[in-house]
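Visitor: Encoded as structure tokens, here's the structure I'll be asking about.
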Amino acid sequence: MTIRLGGIIVGLAITAVLVLWSLVPGFINFAFGPPPEKQASYAFYEHGEGPEGGFSFDGPMGKWDVAQLQRGYQVYKEVCAACHSLKFVAFRNLQQLGYTEAEVDAEAASWTVPGLDPNTGEPTTRPGEPTDYFPSPYPNAIAAAAANNNAIPPDLSLMTKARHDGSNYVYDLLVGYGEADPEKAAKLGFETPPGLYFNKHFPNVNIAMPQPLVLDGQVSYADGTEATIPQMAKDVAAFLTWTAEPSLVQRKQTGWFVLGFLLFATALAFLSYKQIWAGMKPKKK
Amino acid sequence: MSFAWAKQYEPKTALTKWLDEKLPLPRLVYNAVGAGYPVPRNLNYMWNFGVLAGFCLMIQIVTGVVLAMHYAANQAVAFGTVEHIMRNVNWGWALRYAHANGASFFFIVVYLHIFRGLFYSSYKAPREMIWLLGVVIFLLMMATAFMGYVLPWGQMSFWGAQVITGLFSAIPLVGEPLQVWLLGGFAPDNAALNRFFSLHFLLPFVIAGVVILHIWALHIPGSSNPTGVEVKSESDTVPFHPYYTAKDGFGLGVFLIAFAAMVFFLPNALGHPDNYIEANPLSTPAHIVPEWYFWPFYAILRAFTGDLTIPFTGIVLIPAKLLGVIAMFGSILLWFILPWLDKSPVRSGHYRPLFNKFFWFGFMPTMVVLFIAGGAPAEEPYVLLSQVATAYYFLHFLVILPIVSQIEVPKPLPFSITEAVLGKDKAAEASRTGTVDGGDAGTLPDGSLQPAE
């Protein structure tokens, strides 16, 4: 009885404190106070839908489009790599994109990585080897910030997992550059600050990254695919999905095998459950 | 510690006879989850979740021990070693996804286990100790899960650690030094990461120990059941094996199908993208949210937006932050007195019309609202919703349950579990035949329970 009485008193006290000091002032403010201020940039944000037709790896049956990954790699190498590192990916991983061992050796050697002079021990550079990881374009974070108006270009290895709906996000971002609607901007007093760039698919619409894919044919695809901006954006988004999760397709394929086994095992378990309980209702000896 | 009609373990081979004399481990298993444990025959699928929770703990320990072989708890490399597991360790991605989603599924299963306990009043005498130990397990799980989420050292790891340890700073006088002591520094850093890893490795084994106590305490009165009538005779029970091993086997299969679907097809759906960004003390995420299984309690924490002041004087008695912290911890700690708040002699919610209404139309919607509000940014209308739901949460347990249990007129209960399953006539028949077979040695003529020594 004491516990219940104490409980009722404590319960009413907590409720009174919550209602009188938090809920009522909050409600008055919500109902009669000024509406919360929204940044002008929200008026310009548009949610992207990703590339038309989606990606080949979407859905439970999704598979890599190896040719697309190779094109995406080319876009990364020729455009993104100027500023963005890819530190969790090694050259040896490129074999998964359909390159032969010799091609990977050659590809690795086309990159310059930091090394040590074998005779003096002084820091120097050398051609990459398959076991090396993609080198960073900057020696350190301070250099990266100094070269980019104080905004450090993020590492791209995990970018598509580090954003909500990342593959589509990367695509949308790359095709989202442009100008803010001048009429609306004038009305709201919106201005893209100097050093930033308008991008309708970036959460606060002002992004520090200048438009990386600026014109069709910026990259000459080895397989002859026409390098339009949306095409390059889609290819590099696919490539960055692979860098974020090289095991994605293997994971889904393993999943079907595991689910198949589990469905079979569960069906057997259900039948044995039914059989064992069959004699139970009604129980008679 | 069982019913008189419980089957006795009989070692058959020379080896098991020898073992039974020296260390009766097979006897223990036989009595715990074998044919030697009589269980009410009317358990529904809600009674599957205890076994499933135990299974989840095993998944977590096995995958966790292997992950620990490849992980390094150092702030300079922790994020990288997780990626090393994902990319270079054979089947490392499967291990890590199973561990991360395993935590979520552990909580799903345990929440269903708790809701079952709340609806069928599994906490009532004579099972209070099982419930109390269960609350201890839940608190240990929360601590373990929180510290585990810090280990990948992503943005949410770091800022989650900052926010949660910051709760302790709300305590008057000792709060700030306490937070520094817990973290081993002024902000989450290598010291915090290292101790969290150490404790994250230790606590699951503590949980396993309390789980053993939980099951031990369960075997004293035996399992509860959906009718809420205690076992009266042998015809009310079936041996755990093969009846419930078979049913749990089926339940386990269904659980594993759902689990595998998440691990292999949506492994990051329950996580936050920000945790794939390495921890950066200089960049605060837009919305710091804990893992989904903490959302209801996070909503209670944030519901208190106003300091408790003396009106018109501006004197602050209790700051809002401390109120929130007290309420959040209180919302779980009050479960410790739940067996004494709800005095209704009837256990099952099916036979308690008033309780039933409050449970389904009050408590469950409240939990849903708290869940949604806890995961949402601290904006209206979520704050108001969380305040209303928090108020109801405390009213439900502390005010409504005690009063309802006082004034409610329960529906008539069946005489026995057998009657609940078979109907009156057949129950009488089953009871008679049981007596003829001499299997009802533990039942007195009035049908009351007579536990064996």
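The values are calculated or read from the model by the stated rules, or taken from the named source; none is laboratory data. Remember, predicted model here, so these are calculated numbers, not experimental data. Cβ placement follows ideal geometry from the backbone for every residue including glycine, while neighbour counts extend to all protein chains displayed.
Visitor: Of all the residues that make up segment B:225-246, how many are over 25 Å from the mean Cα position of the chain (by Cα), over 19 Å from B:Ala32 (Cα atoms) and more than 10 Å from every other protein chain (Cβ to nearest Cβ)?
Guide: Residues that pass the stated criteria total 2.
Visitor: In segment A:1-37, what count of residues is obtained for those that are loosely packed, with under 11 Cβ neighbours inside 10 Å and either over 30 Å from A:Pro193 (Cβ atoms) or within 11 Å of chain B (Cβ to nearest Cβ) (or both)?
Guide: Pass one, segment A:1-37, residues loosely packed, with under 11 Cβ neighbours inside 10 Å: A:1-2, A:5, A:28, A:31-32, A:34-37.
Filter again for either over 30 Å from A:Pro193 (Cβ atoms) or within 11 Å of chain B (Cβ to nearest Cβ) (or both), leaving A:1-2, A:5, A:28, A:31-32, A:35-36.
Going through segment A:1-37 one residue at a time, the tally reaches 8.
Visitor: Follow-up question, since we're still on this one. So, in segment B:273-308, how many residues would count as being surrounded by 15 or more Cβ atoms within 10 Å (Cβ to Cβ) and within 9 Å of chain A (Cβ to nearest Cβ)? Reasoning before the result, please.
Guide: Quick first cut of segment B:273-308, residues surrounded by 15 or more Cβ atoms within 10 Å (Cβ to Cβ) only: B:273-279, B:285, B:288-308.
After this cut, where a residue has to be within 9 Å of chain A (Cβ to nearest Cβ) as well, the list is B:273-278, B:303-308.
Qualifying residue count, segment B:273-308: 12.
Visitor: How about segment B:76-129: which of its residues are within 14 Å of another protein chain (Cβ to nearest Cβ) and of a type in the set (Ser, Thr, Tyr)?
Guide: B:Thr81, B:Tyr97, B:Tyr123
Residue by residue, here is whether (1) more than 9 Å from chain B (Cβ to nearest Cβ); (2) exposed (fewer than 15 other Cβ atoms within 10 Å of the Cβ); (3) not charged (D, E, K, R) holds:
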position: A:Asn199; (1), (2), (3): yes, no, yes
position: A:Met209; (1), (2), (3): yes, no, yes
position: A:Val214; (1), (2), (3): yes, yes, yes
position: A:Ile229; (1), (2), (3): yes, no, yes
position: A:Met232; (1), (2), (3): yes, no, yes
position: A:Ala237; (1), (2), (3): yes, no, yes
position: A:Ala244; (1), (2), (3): no, no, yes
position: A:Ala269; (1), (2), (3): no, no, yes
position: A:Gly279; (1), (2), (3): yes, yes, yes
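Visitor: Of all residues in segment B:243-285, count the ones that are of a type in the set (Gly, Ala, Ser), without any contact (Cβ under 8 Å) to a residue 24 or more places away in the chain and more than 20 Å from B:Leu112 (Cα to Cα).
Guide: Of all residues in segment B:243-285, those of a type in the set (Gly, Ala, Ser) come to B:246, B:249, B:251, B:253, B:258, B:260-261, B:269, B:271, B:279, B:283.
Still in the running and without any contact (Cβ under 8 Å) to a residue 24 or more places away in the chain: B:246, B:249, B:253, B:260-261, B:269.
Next, from what is left, pick out any that are more than 20 Å from B:Leu112 (Cα to Cα): B:246, B:269.
Qualifying residue count, segment B:243-285: 2.
Visitor: Taking segment A:97-108 on its own, how many of its residues are surrounded by 15 or more Cβ atoms within 10 Å (Cβ to Cβ) and among the small types (Gly, Ala, Ser)?
Guide: 1
Visitor: Please go through segment A:236-285 and give me each residue that is assigned to a helix (DSSP H, G or I), among the charged types (D, E, K, R) and touching a helix residue (DSSP H, G or I) at 6+ places or on another chain (Cβ under 8 Å), ordered by number. Quick ask: steps written out before the conclusion?
Guide: The first filter runs over segment A:236-285 and keeps only residues assigned to a helix (DSSP H, G or I), leaving A:236-244, A:248-278.
Next, from what is left, pick out any that are among the charged types (D, E, K, R): A:251-252, A:274.
The answer is A:Arg251, A:Lys252.
Visitor: Given (1) more than 16 Å from B:Asp248 (Cβ to Cβ); (2) facing another protein chain (nearest Cβ under 7 Å); (3) modelled with pLDDT of 95 or more, where does A:Lys283 come up short, assuming only one miss?
Guide: A:Lys283 satisfies every listed condition except (3).
Visitor: Here's a follow-up. For the condition aliphatic (A, V, I, L, M) and more than 24 Å from the chain's Cα centre (by Cα), what is the one hit in B:Val254, B:Val263, B:Val316?
Guide: Values: B:Val254 fails: more than 24 Å from the chain's Cα centre (by Cα); B:Val263 fails: more than 24 Å from the chain's Cα centre (by Cα).
Selected residue: B:Val316, the only one of B:Val254, B:Val263, B:Val316 that is aliphatic (A, V, I, L, M) and more than 24 Å from the chain's Cα centre (by Cα).
Visitor: Follow-up. How many of the residues in segment B:306-332 are among the hydroxyl-bearing types (Ser, Thr, Tyr) and either in a loop (DSSP other than H, G, I, E, B) or modelled with pLDDT under 95 (or both)?
Guide: Taking segment B:306-332 first, the residues among the hydroxyl-bearing types (Ser, Thr, Tyr) are B:309, B:313, B:331.
Right, trim to either in a loop (DSSP other than H, G, I, E, B) or modelled with pLDDT under 95 (or both) and you get B:309, B:313.
Looking only at that region, the number is 2.
Visitor: Being of a type in the set (A, V, I, L, M, F, W, C), under 23 Å from B:Leu173 (Cα atoms) and away from chain A (no Cβ under 12 Å): is that true of B:Phe358 here? Reasoning before the result, please.
Guide: Numbers: of a type in the set (A, V, I, L, M, F, W, C): yes; under 23 Å from B:Leu173 (Cα atoms): no; away from chain A (no Cβ under 12 Å): yes.
It is false that B:Phe358 is of a type in the set (A, V, I, L, M, F, W, C), under 23 Å from B:Leu173 (Cα atoms) and away from chain A (no Cβ under 12 Å).
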